[in-house]
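**Q** Structure provided below as structure tokens; questions to follow.
The values are calculated or read from the model by the stated rules, or taken from the named source; none is laboratory data. The model shown is predicted, which means the values in this text are computed figures rather than measured ones. Cβ atoms come from the backbone with ideal geometry, glycine included; neighbour counts cover every protein chain shown. To get the accessible areas, we keep the full protein, side chains included, count just its heavy atoms, and leave off ligands, DNA and RNA. Shrake-Rupley method; radii C 1.70, N 1.55, O 1.52, S 1.80 Å.
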Amino acid sequence: DELYPQAVSIVIKQQKASTSFIQRYLQIGYNRAARMIEKMEEEGISVEVIDPRPIVPLDHKTILSSVAKTGRLVLVDPAHRSCSVASEISAMVAQEGFWTLQAPIQRVTSLDCHFPFSPALEKLVFPDEERIEKAIKVTLD
């Protein structure tokens, strides 16, 4: 008789990973992330991907165990950098899993600006493969 159902995250790819990667797939797109992760694997970088399905309640256990395993965290969120799910997850990991981190948390989010109406300009605001790849590599430096 819980007020909220149990939080469940889906670990898309679980292996001996060098980076934990959390992405909200419903909004960013699974295919784009899958292509980028395949590219990383070709370069010898393994990535554990987590798709946190419910945001409330958030699955702290899965996220913290992944960060403990990899020592790194890259968050991808189509929302703004400020006041987003990525902000909340990074704050939770900084509070509850700080000593397991080997590199600063990286957030790849939409720019903190008004979303443009033009589809051509919209692409410049949202997270893309290049920014995600750069964030993953920063955690490994």
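**Q** Hey, can you grab everything whose amide H is under 5 Å from the amide H of VAL108? Only 5+ residues off in sequence or another chain; H modelled, so Pro and N-termini drop out.
**A** When sequence neighbours closer than 5 places are left aside, the close amide H contacts are LEU75, VAL76, ASP77.
**Q** Pulled fully out, how much extra length does the chain show between SER82 and VAL56, if you take 0.36 nm times their separation in residues and subtract their Cα-Cα distance?
**A** Answer, rounded to one decimal: 7.5 nm.
**Q** ³J(HN,Hα) across the range 68-73 via Karplus (A = 6.51, B = -1.76, C = 1.60, θ = phi - 60°), whole Hz, x for Gly/Pro?
**A** 5, 6, 9, x, 9, 8
**Q** Then there is this: Enter the Cα centre distance for the pair the range 34-87 and the range 99-117, rounded to the nearest angstrom.
**A** Here the answer is 11 Å between Cα centres.
**Q** Using the Karplus curve 6.51 cos²θ - 1.76 cosθ + 1.60 with θ = phi - 60°, what ³J(HN,Hα) values do you get for each residue of the range 60-66, in whole Hz, with x for Gly and Pro?
**A** 4, 4, 5, 5, 5, 5, 5
**Q** For the range 133-141, just list the computed ³J(HN,Hα) in residue order, Karplus coefficients 6.51, -1.76 and 1.60, θ = phi - 60°, integers in Hz, with x standing in for Gly and Pro.
**A** 4, 4, 5, 5, 5, 4, 5, 9, 6
**Q** Less than 14 Å from a label point 7 Å out along the Cα-to-Cβ axis of PHE117: which backbone N atoms in the range 74-98 qualify, by residue?
**A** In the range 74-98, the label zone of PHE117 (backbone N under 14 Å from the point 7 Å along Cα→Cβ) covers no residue.
**Q** Counting only protein chains, not ligands or nucleic acids, how are ARG53, ARG107, ARG81 ordered by accessible area (probe 1.4 Å), most first?
**A** ARG53, ARG81, ARG107
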